[in-house]
Amino acid sequence: MFHKGHRVEGADYFDDLAQRQDAGVFGGLGIEDYESVTESMSPDGLVIRMNCRNCGKQHDVTLEWSELFVCGTNAPGLPLLKPRGWEYSQNNAKLYPDNIPCSKCGEKLCPQITPDEARQRVNDAVQRGLVPMQAVAGWKHQVDMLRSQHG
């Protein structure tokens, strides 16, 4: 228990953060899961293996290459473009799909990615032959059209 003084009913004293005794200041912050998040590339997209933050069930979430391409086109001074079903977090300047529920409890899974990370992953996929240049050219054309309509 962090707070040892008088307690007010209904207040959150963050006692749940002290569940692990050997983790020091990181106890209870999901440190056990942090290093278990992995990425791999598939022909369909970037596969992120992650645990639900509510129930802990493990999932493989695929961020499609076309979605990552759109995310990667964002830069300072440009209006924000998001793939359909995605949201943007002002707190950490990352985009994330907002429509992937946990198959066990229904909590939303939120793998987050910055525009720079998305751009790098798409470039890596192109270099590995997972994404053909014709697809990239098509996505670029679509993004250019969207930006011209909104700009």
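Any read-out appearing in this document is the output of simple, stated calculations on the displayed coordinates, not a laboratory observation. All of these numbers come straight from a predicted model, not from anything done at the bench. As a convention, Cβ positions derive from the backbone with ideal geometry for all residues, glycine included, and neighbour counts pool all protein chains shown.
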### Task
Identify all residues within the stretch 90-107 that are over 16 Å from residue 68 (Cβ atoms) and either surrounded by 15 or more Cβ atoms within 10 Å (Cβ to Cβ) or polar (S, T, N, Q) (or both); write none if there are none.
90, 91, 92, 102, 103
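Restricting the search to the stretch 51-82, which residues are free of Cβ contacts under 8 Å to residues at least 60 places away in the same chain, in a loop (DSSP other than H, G, I, E, B) and surrounded by 17 or more Cβ atoms within 10 Å (Cβ to Cβ)?
Just the residues of the stretch 51-82 that are free of Cβ contacts under 8 Å to residues at least 60 places away in the same chain, to begin with: 51-64, 67-68, 71-72, 74-77, 80, 82.
Filter once more, keeping what is in a loop (DSSP other than H, G, I, E, B): 52-57, 74-77, 80, 82.
If the condition is that a residue be free of Cβ contacts under 8 Å to residues at least 60 places away in the same chain, in a loop (DSSP other than H, G, I, E, B) and surrounded by 17 or more Cβ atoms within 10 Å (Cβ to Cβ), then 52, 74 are the ones that fit.
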### Query
In the stretch 96-151, what residues are out of contact with any strand residue (DSSP E or B) (no Cβ under 9 Å at 6 or more places or on another chain) and of a type in the set (Ser, Thr, Tyr)?
148
### Task
For residues that are of a type in the set (A, V, I, L, M) and farther than 11 Å from residue 66 by Cα, scanning just the stretch 118-136, find the one that is surrounded by the fewest Cβ atoms within 10 Å (Cβ to Cβ).
133
#### Entry: Scope the stretch 88-114; condition touching a Phe, Trp or Tyr at 6+ places or on another chain (Cβ under 9 Å), over 16 Å from residue 53 (Cβ atoms) and of a type outside the set (Phe, Trp, Tyr); matching residues
95, 99, 113
### Within the stretch 87-113, tally of residues that are within 14 Å of residue 61 (Cα to Cα), of a type in the set (Ser, Thr, Tyr) and free of Cβ contacts under 8 Å to residues at least 24 places away in the same chain
1
